[in-house]
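Student: I have a structure I would like to understand better, so I am pasting it below and will then ask my questions one at a time.
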Amino acid sequence: CNDKVGDGTTTCSILTAKVIEEVSKAKAAGADIVCIKEGVLKAKEAVLDALMSMKREVLSEEEIAQVATISANGDKNIGVKIAQCVQEVGKDGVITVEES
């Protein structure tokens, strides 16, 4: 599944680079930096609102394992272990990973 839909890091990087590029162009063209900032903040709010309307809660250990597997570059073993930890500490718990 990760070959069709990933965790969004590449998309985020591309969009961030494009925003920086466009802000730089606007600034170089003499646009007011305060107006640029206000525009970026409005765009951020619009994006967050859109994302919030699309979100879906992940509740089961199996769903958590699927999300964790994608974040672990497709490593199902790590995904399952992360899901087990999340189930143990709860959705607001903290998981610390240390090298032994």
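The values are calculated or read from the model by the stated rules, or taken from the named source; none is laboratory data. On a predicted model such as this, the values are computed, not experimentally measured, just so you know. Reconstructed Cβ throughout: ideal geometry from the backbone, glycine too, with neighbour counts over all protein chains shown.
Student: Which is assigned to a loop (DSSP other than H, G, I, E, B), surrounded by 13 or more Cβ atoms within 10 Å (Cβ to Cβ) and either under 20 Å from the mean Cα position of the chain (by Cα) or not basic (K, R) (or both), of A31, A65?
Tutor: Exactly one of A31, A65 is assigned to a loop (DSSP other than H, G, I, E, B), surrounded by 13 or more Cβ atoms within 10 Å (Cβ to Cβ) and either under 20 Å from the mean Cα position of the chain (by Cα) or not basic (K, R) (or both), namely A31.
Student: Quick check on the stretch 36-49. Is at least one of its residues surrounded by 12 or more Cβ atoms within 10 Å (Cβ to Cβ), assigned by TED's automatic domain parsing to the domain that holds T16 and over 21 Å from T9 (Cα atoms)?
Tutor: Checking the stretch 36-49: at least one residue is surrounded by 12 or more Cβ atoms within 10 Å (Cβ to Cβ), assigned by TED's automatic domain parsing to the domain that holds T16 and over 21 Å from T9 (Cα atoms).
Student: Of the residues in the stretch 68-97, how many are free of Cβ contacts under 8 Å to residues at least 40 places away in the same chain and in a helix (DSSP H, G or I)?
Tutor: 15
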